[in-house]
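**Q** One structure follows; several queries about it will come next.
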Amino acid sequence: MSDSTTSGASAPGGTRDGRGPGVGRPRVGSWTTRQWLVAGVSVALAVLLGLLSLGVWSLSRSEDITGRLVDIHSPALIEAERMEAALLNQETGVRGYSVAGQQEFLAPWEQGLSDQETSAKRLSSLVRHDARAVADLAAVETAAGTWQRRYARPVVESPAPEAAAGVSAAEGKKLFDAVRAASDAQQDHLQDVRSAARDALDRAAFLRNLVLGAIAALVGLLALVAFEGVRRGITEPLARLRAQARTVAAGRFDQPVDTAGPADLRALGADVEAMRRRLVDELEAAEASRRLLDEQTADLQRSNAELEQFAYVASHDLQEPLRKVSSFTQLLQRRYGGQLDDRADQYIGFAVDGANRMQTLINDLLDFSRVGRVHNQQNTVDLDALADRVLESLSVTVEETGAVVTRDPLPTVIGDSTQLGMLLQNLVSNAIKFRSQDTPPRIRIEAERDGAWWRLAVSDNGIGIAPEFAEKIFVIFQRLHTKDAYPGNGIGLAMCKKVVEFHGGVIALDPGHHPGSRFTFTLPVHSPEPAGDPDGTDGTDGADGTAGRGEATP
């Protein structure tokens with residue numbers, strides 16, 4: 001098969017697809033595998049049909065010759081011999097009767113006449129298309145009739161055979177010898193015809209065998225040519241393409257991919273080469289992105305180091321002067337309270353309150369920055385025991401507000417107990433803080449397994465949250481109420497979100513819960529048992545999801 005390139009480029013004096021002026025068919029080099037197969041099969045079928053036609057003709061000729069030999073020539077020779085035997089029987093009967101004069105010796109004569117008539121009829125039917133054989137049969141019948149008329153019948157019909165003979169015995173013998181000669185000539189001709197038919201049959205059989213052998217040889221040759229064509233035009237190009245593709249797949253992306261063979265295989269090689277080039281481009285882009293990511297990671301590490309330094313400064317260097325400001329403003333308030341005018345007392349109160357709030361805000365920011373960085377001990381955490389400790393720390397607030405807290409049996413998970421304690425404390429304290437004024441707080445902590453996740457929820461009967469604020473409440477410093485109505489810094493729910501996501505789960509507000517609010521969050525199940533299929537149950541769809549209120553610590 002041709003290894004030339006496809007007819008995609010224009011040739012001198014031709015069209016863009018490689019065809020010359022007035023040529024309506026593609027060049028051989030642009031043939032596809034299908035076109036090669038169709039052409040090869042068509043040529044093979046044409047040659048095979050020719051040989052098969054010759055084979056059918058030779059078989060038909062052999063069958064025709066065999067039929068004539070079996071149905072005509074051999075039966076004709078046999079009937080001629082039977083006719084001769086019938087004439088001999090007649091001669092034997094006549095001779096016996098002429099010697100003995102007894103009627104019983106005429107039985108061969110009578111049988112011979114009957115057999116002669118039967119054989120003559122059959123032979124006449126068999127040789128009706130052979131003029132020579134018809135003439136020979138007529139000669140035999142004429143000679144036999146002359147012998148019967150002039151010698152045999154006068155002897156047979158007379159009571160005195162010797163006296164009744166029209167001719168002498170010697171003359172009768174001579175007449176019968178003429179019958180023998182005519183019969184021998186007839187049989188010789190029939191034998192020659194039969195021999196010629198056998199020779200023709202041998203030649204037809206030889207031709208038939210020759211044609212069948214040629215067909216077998218041609219089939220073998222076509223099989224060999226087809227195998228070699230498939231090997232060179234399809235198998236070897238595919239093997240080469242496969243080897244090059246494996247080389248590229250092994251990491252040698254600089255290895256070009258090209259192949260030979262029919263046009264469609266070359267097109268396949270071009271597609272693989274285009275894919276390789278695309279992969280090379282993508283890898284180069286990925287490498288550039290990786291280098292950029294490394295640079296950004298280094299920048300992030302520097303930023304984290306600076307943030308840690310800031311946290312240290314905030315926890316030590318800033319807190320010390322802030323404590324001094326707070327202490328001295330409180331001293332001013334205690335020592336000079338009531339001695340100055342009301343406006344001075346008001347200013348001192350503002351300073352004391354601002355210092356206290358600044359100290360609380362710094363502590364909250366430190367706690368928020370430490371999530372996942374300082375508190376990061378992954379251990380087995382019994383949420384039941386953890387909830388008991390949280391409720392104990394909130395016991396004073398629970399007792400003052402008359403809150404009732406119920407819960408389901410809580411699971412054991414893997415995580416950081418400090419962070420998970422902050423999570424439960426923020427959610428429960430928010431439920432107490434944002435309570436209705438005329439109804440004691442009713443808080444429930446729920447837990448159920450959902451495939452590979454624990455789905456937990458904290459619900460209350462408080463003032464609730466409008467669905468349009470379901471995302472805003474988890475943003476740090478976002479508040480839905482003034483500080484006078486509900487104190488706080490707006491960090492609690494942002495910290496809850498950070499804790500849950502650090503443990504691999506999600507948190508969201510349940511917008512369908514009324515009255516009050518309901519926060520759901522997920523934590524992964526860590527157990528030796530099969531975890532089940534987490535698809536669709538990982539809480540990421542947000543339907544029963546996980547969100548918060550925007551403010552947390554009281």
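**Q** Looking at segment 360-408, which of the residues that are farther than 28 Å from Gly462 by Cβ and open to solvent by less than 50 Å² (accessible area, probe 1.4 Å) is modelled with the lowest pLDDT?
**A** Gly372
**Q** Next question, about the same structure. State whether the residues of segment 500-508 include one that is modelled with pLDDT under 60 and either under 20 Å from Val390 (Cβ atoms) or not hydroxyl-bearing (Ser, Thr, Tyr) (or both).
**A** No, segment 500-508 contains no residue that is modelled with pLDDT under 60 and either under 20 Å from Val390 (Cβ atoms) or not hydroxyl-bearing (Ser, Thr, Tyr) (or both).
**Q** Go through segment 248-303 and count every residue that is of a type outside the set (Val, Ile, Thr) and touching a residue at least 24 places away in the same chain (Cβ under 8 Å).
**A** 15
**Q** Starting from segment 501-519, keep only residues that are more than 21 Å from Arg442 (Cα to Cα), then list their pairs with residues that are part of a loop (DSSP other than H, G, I, E, B) and of a type in the set (Val, Ile, Thr) whose Cβ atoms are within a distance under 9 Å, requiring at least 6 positions of separation or different chains.
**A** Val506/Thr540
**Q** In this structure, is Ile443 at pLDDT below 90, open to solvent by 20 Å² or more (accessible area, probe 1.4 Å) and not basic (Lys, Arg)?
**A** Here the answer is no, as Ile443 does not meet what is asked.
**Q** Identify the single condition in (1) assigned to a helix (DSSP H, G or I); (2) at pLDDT 85 or above that Arg128 does not satisfy, given that it satisfies every other one.
**A** Failed condition: (1).
**Q** Go through segment 107-141 and report how many residues are among the acidic types (Asp, Glu), open to solvent by 70 Å² or more (accessible area, probe 1.4 Å) and under 20 Å from Ala181 (Cα atoms).
**A** Matching residues across segment 107-141 total 2.
**Q** Of everything in segment 59-109, what is under 60 Å from the mean Cα position of the chain (by Cα) and within 28 Å of Ala185 (Cβ to Cβ)? Give them in sequence order.
**A** Across segment 59-109, the qualifying residues are Asp64, Ile65, Thr66, Gly67.
**Q** Inside segment 154-267, counting only helices (runs of 4 or more DSSP H) that do not spill past its ends, which hold 2 or more residues that are surrounded by 12 or more Cβ atoms within 10 Å (Cβ to Cβ) and of a type in the set (D, E, K, R)?
**A** Per the criteria, 169-230, 236-249.
**Q** Still on this model: Glu448 fails exactly one of the following numbered conditions: (1) at pLDDT below 80; (2) surrounded by fewer than 21 Cβ atoms within 10 Å (Cβ to Cβ); (3) closer than 21 Å to Ala431 by Cα. What is the number of that condition?
**A** (1)
**Q** If I ask for residues that are hydroxyl-bearing (Ser, Thr, Tyr) and in contact with a strand residue (DSSP E or B) (Cβ under 8 Å, 6 or more places away or on another chain), which ones from segment 406-465 would you list?
**A** Thr406, Thr412, Ser417, Thr418, Ser459
**Q** Now a separate question. If we keep just the residues of segment 56-78 that are surrounded by fewer than 19 Cβ atoms within 10 Å (Cβ to Cβ) and among the small types (Gly, Ala, Ser), which is nearest to Ser119 (Cα to Cα)?
**A** Going through the qualifying residues, I end up with Ser74.
The values are calculated or read from the model by the stated rules, or taken from the named source; none is laboratory data. These numbers were taken from a predicted model, which means no experiment stands behind them. Positions of Cβ are generated from backbone atoms using ideal geometry, with glycine treated the same way; all protein chains shown enter the neighbour counts. The area values use the complete protein model at the heavy-atom level, side chains included, leaving out ligands, DNA and RNA. Shrake-Rupley method; radii C 1.70, N 1.55, O 1.52, S 1.80 Å.
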